[in-house]
Structures are given as C-alpha cells and as structure tokens.
Amino acid sequence: MSSARLVVNNLQKDFILHTQNSAHIPVFNGFSLSVNAGECAVLLGPSGMGKSTFLKCLYGNYKITSGSISLYFEEGDIDIATCSPEWIHGLRRQTIGYVSQFLRVIPRVAAIDLVSEPLLIQGIDKDTAYQQAATLLARLHIPEKLWALSPTTFSGGEQQRINIARGFIADYPVLLLDEPTASLDAKNRAVVVELIHEAKAKGAAIVGIFHDEDVRDKVADNVIDLLEFVA
Ligand SMILES: Nc1ncnc2c1ncn2[C@@H]1O[C@H](COP(=O)(O)OP(=O)(O)O)[C@@H](O)[C@H]1O
Ligand SMILES: [Mg+2]
C-alpha cells in the first residue's frame, strides 16, 4: 500500500442555502489538522457541530469556503479543495476510503457485491475480491445467509457493518470514518477497533468520529475538539 499524509490548513466552511433566502450557515473556521501515515486523528464535538461536514469536505463532497486540504504522496501533492472532479474520482478509487454515517442501500445489489466493489474497481479479479469480502463479512458477524441479499432489509447495525466492510476492504492510504460504531454491539465494536489497528499498521492515515469513548481511547493518536473552531 502506498502511504499518504493529510494536512488541513485553516479550513473554513459555510453553507449558503440558495433556495431559502440565501440563508448563511457558518459551520467552522480556522480548522487545521495534520495526520501522518499510520495515525488516527479523532474529531470530537456535539451533534450539529460540523463533524460529518468536515469529513465530506475531505472526501470532496462539499466545496470549502477557504483554506486547503493537502494530500502528500510519494508521487506528489494535491489539494483536494481545488483539484478537478477527475482527480477526486481517482482519489476515491485508489486513495481515500469513506465509511459514511449511513449506508446508501441499492435495491437488488447483494451485500457481498457492495463490499467487493472497491476491489473490482481497482482491477482485482472477482474470486479474490469475493474471498476478501467474505472474510470481512464473517469477521463482522454478518450471517452467511445474508451475503447474497440486498442490505435494504437489513437492520441498522447490519447495514453499518456492510458499510464498514466496504470501507476497509481496499487498504486505502486515507480512511474517513463517520461514527462507524454508533449502532454496534460490544463484540462488533471490538472488530472495528481491530480493523482500525490493522489499517494503521499498514500505514493508513485515518480521520474518525467515534461515539464511544472506549473506542476513541483505543484508536486515537490525536483528539481534536471541533468546538474550538465553531464559526
Ligand atoms: N448540505 C447541507 N446544507 C446546509 N447545511 C448543512 C448541510 N449539511 C450540514 N449542514 C449543517 O451544518 C451543521 C453541521 O452538520 P453536521 O456536519 O452533520 O454535524 P455533526 O456531524 O457534527 O453532527 C448543521 O447545522 C447542519 O444543519
Ligand atoms: Mg455527523
């Protein structure tokens, strides 16, 4: 796995709601953060503070108001805040994994296909991809009888574990985790902690939001309170 360092400098994010009298919603300002390969930075802050918004800025979903989001690779540097959509697309395939707070379920797409997709996109053959997906699904205690089904009908916790498997399967150099353990039991929380430790050992730079203090304590190298940067 190639490694990357993530450096966020002086980030400001405001939302402008054009359909609602251009309402102006400042979220955060002056936010800086540096995450080296093999480290996990954890974001703290009450609900509505902008934690998910920050991860979406890092994933290139949201445009930022000002500041920079730099990725330093062996091959060179890139600013996620200003690079082209083609670059964002490439980064999502090869470099940045994102476990969103909620799984976007697609009817008729089987759980095992959702989980193996990131590897197939990287050109890995279907047998290998399925095997790795099966290993992860089993580790996350998803019963085998569910693997061929669409997660549409799965419980919240099962959907979350599918999302986690999809995020961890491809050994991304950068991992963004938005409350991945929020609706998991202790046994599955422990698996997620293991997966995070393994990813760090392989050199991933991780930014995470964790509901549970216990998980936070086990994985964090650095804890940043977003409250200090409220706009
Ligand atoms: N797409 C959006 N458009 C407008 N406002 C948004 C959008 N996404 C989030 N917000 C606002 O930004 C603030 C931070 O939200 P969020 O990042 O989801 O917080 P957290 O993850 O810390 O609970 C909230 O006030 C929310 O209403
Ligand atoms: Mg959130």
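A few points about this structure:
- Packing rank of 33-40, 88-95, where each peptide gets the mean count of other beta carbons within 10 Å, highest leading: 33-40, 88-95
- Listed residues 180, 210, 150: farthest to the positive end of the dipole of segment 131-231 (Cβ charges): 150
- Aspartates and glutamates with Cα under 13 Å of residue 63, excluding same-chain neighbours fewer than 8 positions away: 14, 79
- Dipole magnitude for segment 97-200: about 180 debye, using +1 per Lys or Arg Cβ and -1 per Asp or Glu Cβ, origin at the Cα centre.
- All other residues whose Cβ lies under 13 angstrom from that of residue 27 are scored, Lys and Arg at +1 and Asp and Glu at -1, for a net of +3.
- Cα principal axis extents for the chain, largest first, Å: 48, 38, 37
- Here residue 145 is the anchor, and the lysines within straight C-alpha reach of less than 30 Å, apart from those fewer than 8 places off in the same chain, are 126, 187.
- Within the straight-line cut-off of under 16 Å between alpha carbons, the lysines reachable from residue 200 are 218, sequence neighbours fewer than 8 places apart in one chain being disregarded.
- Computed about its Cα centre, the charge dipole of the chain is approximately 500 debye, with only Lys, Arg, Asp and Glu carrying charge at their Cβ.
- Highest mean first, the peptides 107-113, 177-183 sorted by other C-beta atoms within 10 Å per residue fall in the order 177-183, 107-113.
- Peptides 65-75, 131-141 ranked from most to least packed give 131-141, 65-75, packing being the mean of other C-beta atoms within 10 angstrom over each peptide's residues.
None of the figures in this text is laboratory data; all of them are computed from the coordinates on show. Just so it is clear, the model here is predicted, and its values are computed rather than measured. Here the Cβ is made from the backbone with ideal geometry for all residues, glycine too, and neighbour counts use every protein chain on show.
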